[in-house]
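Have a look at the structure below before the remarks.
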Amino acid sequence: MYEAIRQISANFPDARVTLSMHDPSSCPARVNLEAIGSFKSWVYSVDEEKRGRWYVWTFPYHLLHAIIALITYRLFHRPLFLTRDPAKRRLLRAYFDADLVISCGGNNLSSKRFFAAFFFWNIFSTLFAHYAGKPLYMFPESVGPFASSLHFYLTKFTLARMRLVLVRDTLSLRLVKMMALPDTSYHFVPDLAFGPWCDLAPDDSLWPLHSFCRQNIERDTPLIGITPINWGEQNPHFGGQASYEQALIELIHYITTEMDGHVFLFSQVLGPSLAEDDSQIARRLLDRMTTSSSRVTHVNAIRSPVQLMAAYGCMDFVVGTRMHSNIFALCAGVPVIAIGYMSKTRGIMRSLGLEEWTHDIETINGPELVALFRRGWEKRQTTAAYLQTCIPEARKVAERAGSLIAKDWQRLQ
């Protein structure tokens, strides 16, 4: 998000940006930037106990309000708001007042099951901009996989109504090519996290992890970062959560006993719901540690993306399930093993020429993960040297996203 804002500001200097977000309270305060609740916030909430809940039966009611406002806006340029909720009115007005709309998610256009409320609501949120008569663009995202052909064709229908589609991995690029979009331009551009967003983020990269390592860990001790994820909670159709956790336990045991290393369990995402709170699974892994628990540190107090990259930069190696933990580590020059819970991970690693260091979460087991890590550790110096050439190029190309949109916008004018 930092990089998206930075590129928009650089290419549209006088722009006023409205971020439509599910969790607007997490948005950094900036001049000419307003964060408001998205369409998803109309039908989804997280309670005080961090339990997420969809209100599927309210879909028709909210659709009716939005569609009537859309029709009256297109016919009379004066939308009729049936809702008195000021937050909902702000969102509708943001669509109607916009000069252009940019989809900036990550996996908005993918589905894990047929009745995927998230997918259908994202499609509606995107198409709403098109039918409001706004030029529609997409910052680098992944496309697919899909639970059914219906989802594939709905995505094709949506992308065909965009002026420019940017995809962040090679698997998504192949899928978009298969769609044969006649009037839509599409390009491969790496994930925005590769871009130079540090210039915009607060300068708090000097973090106590450095001094902690100096004071508490011997100088020659290997430092390994691991990012776990509660994928079984987020995806009910995934039945391998126990095997995945056992594989991590075996890897931690190998690092702390066979290598005399120190493991840092990073809780990169802390919500808003329990299913998305990585600290839950990190504590579960710690509870299962029977030996060498003194060689495992839980890190769950990261305050910014810059701080996160600085923390991963302290590591000698990272085994990441969170995709952006891998990107941050790679940008810091640290070799990684990427555990892919969606195709985006393998696609991004493939685009960097690093696919051999990817393992799918669906088939993971302890011996294979340990063996892959051992190979990665042995080749870490070669990999680190390769990162010095491939990552700067990825970061350079990632910075093109905003300019590609700006050039098309200028042609449209």
Looking for something under 12 Å from PRO228 (Cβ atoms) and of a type outside the set (Asp, Glu) - is there at least one such residue anywhere in the range 300-309?
yes
Taking LYS344 and the conditions (1) over 18 Å from VAL189 (Cβ atoms); (2) out of contact with any Phe, Trp or Tyr (no Cβ under 6 Å at 6 or more places or on another chain), which numbered condition does it fall short on, given that it satisfies the others?
(1)
Quick one: which residue in ILE302, ILE281, ILE348 is farther than 28 Å from GLU3 by Cα, out of contact with any strand residue (DSSP E or B) (no Cβ under 6 Å at 6 or more places or on another chain) and of a type in the set (A, V, I, L, M, F, W, C)?
ILE281
Filtered residues of the range 379-410 (kept if aliphatic (A, V, I, L, M), over 13 Å from LEU352 (Cβ atoms) and not assigned by TED's automatic domain parsing to the domain that holds ASN11):
ALA384, ALA385
Here's a check for you: in the range 380-413, which residue that is touching a residue at least 60 places away in the same chain (Cβ under 8 Å) and of a type in the set (Gly, Ala, Ser) is surrounded by the most Cβ atoms within 10 Å (Cβ to Cβ)?
ALA401
Are any residues in the range 313-329 touching a Phe, Trp or Tyr at 6+ places or on another chain (Cβ under 7 Å) and over 21 Å from CYS213 (Cβ atoms), and if so, which ones?
THR321, ILE327
Answer residue from the range 281-319, given it is of a type outside the set (A, V, I, L, M) and in a strand (DSSP E or B) and is farthest from GLU233 (Cα to Cα) among those
PHE317
Determine whether the range 58-69 contains at least one residue that is among the hydrophobic types (A, V, I, L, M, F, W, C), touching a residue at least 12 places away in the same chain (Cβ under 8 Å) and either outside the structural domain of PHE119 (by TED's automatic domain parsing) or touching a strand residue (DSSP E or B) at 6+ places or on another chain (Cβ under 7 Å) (or both).
no
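Residues are listed down the side, and each one gets a yes or a no for (1) in contact (Cβ under 8 Å) with a residue 24 or more places away in the chain; (2) buried (at least 22 other Cβ atoms within 10 Å of the Cβ):
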position: LEU82; (1), (2): no, no
position: LEU92; (1), (2): yes, no
position: ALA98; (1), (2): yes, no
position: ARG113; (1), (2): yes, no
position: GLY133; (1), (2): yes, no
position: PRO140; (1), (2): yes, yes
position: VAL143; (1), (2): yes, yes
position: SER148; (1), (2): yes, no
position: VAL165; (1), (2): yes, yes
Give me the helices (runs of 4 or more DSSP H) completely within the range 6-123, filtered to those with at least 3 residues that are among the aromatic types (Phe, Trp, Tyr) and farther than 24 Å from VAL167 by Cβ, ordered by residue number.
59-76
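The values are calculated or read from the model by the stated rules, or taken from the named source; none is laboratory data. Every value quoted in this text rests on a predicted model; they were computed, and no experiment measured them. Neighbour counts are summed over all protein chains in view; Cβ atoms, including those assigned to glycine, are modelled from backbone coordinates with ideal geometry.
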